[in-house]
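**Q** The structure that follows is given in the form of structure tokens.
The values are calculated or read from the model by the stated rules, or taken from the named source; none is laboratory data. Predicted, not measured: the structure shown is a model, and the values here were computed from it. Here the Cβ positions follow ideal geometry from the backbone for every residue, glycine too, while neighbour counts run over all protein chains shown. These accessible areas exclude ligands, DNA and RNA; they are computed on the full protein's heavy atoms, side chains included. Shrake-Rupley method; radii C 1.70, N 1.55, O 1.52, S 1.80 Å.
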Amino acid sequence: GNSVTQMEGPVTLSEEAFLTINCTYTATGYPSLFWYVQYPGEGLQLLLKATKADDKGSNKGFEATYRKETTSFHLEKGSVQVSDSAVYFCALNYGGATNKLIFGTGTLLAVQP
Amino acid sequence: GAVVSQHPSWVICKSGTSVKIECRSLDFQATTMFWYRQFPKQSLMLMATSNEGSKATYEQGVEKDKFLINHASLTLSTLTVTSAHPEDSSFYICSALTSSSTDTQYFGPGTRLTVL
């Protein structure tokens, strides 16, 4: 079946450090891939997405590249800030008639000043 | 654009009562909305898919008589937790699809339900 696997957290970094949160997926065909962010006590916000192989999604300094050969969609940011502290969810969706998001378990990022 | 709101943001109720949660798309029409449940420090669990003007499709294991979903207009879906019990306490989040981006769900801020 389709699934998303994320690295377990928490990930603790100092401000301005480089961030990588790994995400791999198992799916047939060509799903769209997403990163969502959830700040404490809030719902999810779409951070970025990619809809086909080799696409790079980017937003607010975060980026992720859809790698079909390694079935991965790792999230990266060159210099994290305290305000980036949140839970990050990787997800996939086929859209169309089924249109169900399949989420990873989420990775808590804590950035210390 | 693509803003989704939920009301209330938090609610406390007594066991045995019913609670209604509203999900609204503020600046777009949403033919499809989704309801999720999230337990502390866990991922989101899809409860049901709500289509405007038709019955909701529930995921396996979700009691349709307990979690009543109504999607009466293109901008509003409601989730009613009937005869709530403490085990129903959770964070409920809705999302909606826009017509222009049918693979991207936009999420509401969530509703924290506590059943005493």
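**Q** What's the average, rounded to a whole number, of partner chain beta-carbon atoms within 10 Å of each residue's beta-carbon in A:30-43?
**A** Per-residue shielding by partner chains comes out at 4.
**Q** What is the distance in Å between the Cα centroid of the stretch A:39-104 and that of the stretch B:73-116?
**A** 21
**Q** Moving on to the next point. Do the alpha carbons of any pairs in B:Lys41/B:Lys66; A:Lys52/B:Lys20; A:Lys100/B:Lys41; A:Lys60/B:Lys41 sit beyond 29 Å of each other, and which pairs?
**A** In this structure, A:Lys52/B:Lys20 lie more than 29 Å apart at Cα.
**Q** If you place +1 on the Cβ of every Lys and Arg and -1 on the Cβ of every Asp and Glu, how big does the dipole about the Cα centre of the protein assembly as shown come out, in debye to the nearest 20?
**A** 380
**Q** Moving on to the next point. Under Stokes-Einstein, with the Kirkwood radius over Cα pairs standing in for Rh, what whole-number D in µm²/s applies to the protein assembly as shown at 4 °C and 1.567 mPa s?
**A** 71
**Q** Just to be sure I understand the model, the point goes 7 Å from the Cα along the line to the Cβ. What's the resulting A:Ser79 to B:His7 distance in nm?
**A** For A:Ser79 paired with B:His7, the spin-label model returns 4.3 nm.
**Q** List the lysines whose Cα sits under 18 Å from the Cα of A:Lys56, skipping any in the same chain fewer than 8 residues away.
**A** Cross-link targets: A:Lys68, A:Lys77.
**Q** Over the Cα atoms of chain B, Rg to Rh with Kirkwood Rh, two decimal places?
**A** Using Cα coordinates only, the ratio equals 0.95.
**Q** Show me the GluC sites (Glu not before Pro) within the stretch A:45-100 that DSSP assigns to loop and that have at most 15 other Cβ atoms within 10 Å of their Cβ.
**A** The qualifying sites are A:Glu69.
**Q** Moving on. With Cβ to Cβ distances under 14 Å as the rule, what net charge do the other residues near A:Ser83 carry (K, R +1; D, E -1)?
**A** That works out to -2.
**Q** Also, I was wondering about something else. How well do other chains shield peptide B:100-111, expressed as the mean number of their Cβ atoms within 10 Å of each residue Cβ?
**A** Neighbouring Cβ atoms belonging to other protein chains average 6 per residue here.
**Q** From Cα pairs below 8 angstrom and at least 6 apart in sequence, can you work out the relative contact order of chain A, rounded to a whole percent?
**A** So the answer I get is 36 percent.
**Q** Could I ask something else about it? Roughly what would the spin-label model give for A:Asn22 and A:Glu69, points 7 Å off Cα along C-beta, in nm?
**A** For the pair A:Asn22/A:Glu69, the computed spacing is 1.9 nm.
**Q** Could you state the accessible area per residue of chain B in Å², with a 1.4 Å probe and every protein chain left in place?
**A** Value for chain B: 49 Å² per residue.
**Q** If you take the square roots of the eigenvalues of the alpha-carbon gyration tensor of chain A and sort them as a ≥ b ≥ c, do you get rounded (a/c under 1.5), prolate (a/b over b/c) or oblate?
**A** prolate
**Q** Give the carbon-plus-sulfur fraction of the accessible surface of the protein assembly as shown in %, rounded to a whole number; probe 1.4 Å, heavy atoms of protein chains only.
**A** 51
**Q** Oh, and also: Among DSSP bridges having both ends in chain B, what percentage is antiparallel? Round to the nearest 5.
**A** Here the antiparallel bridges make up roughly 90 percent for chain B.
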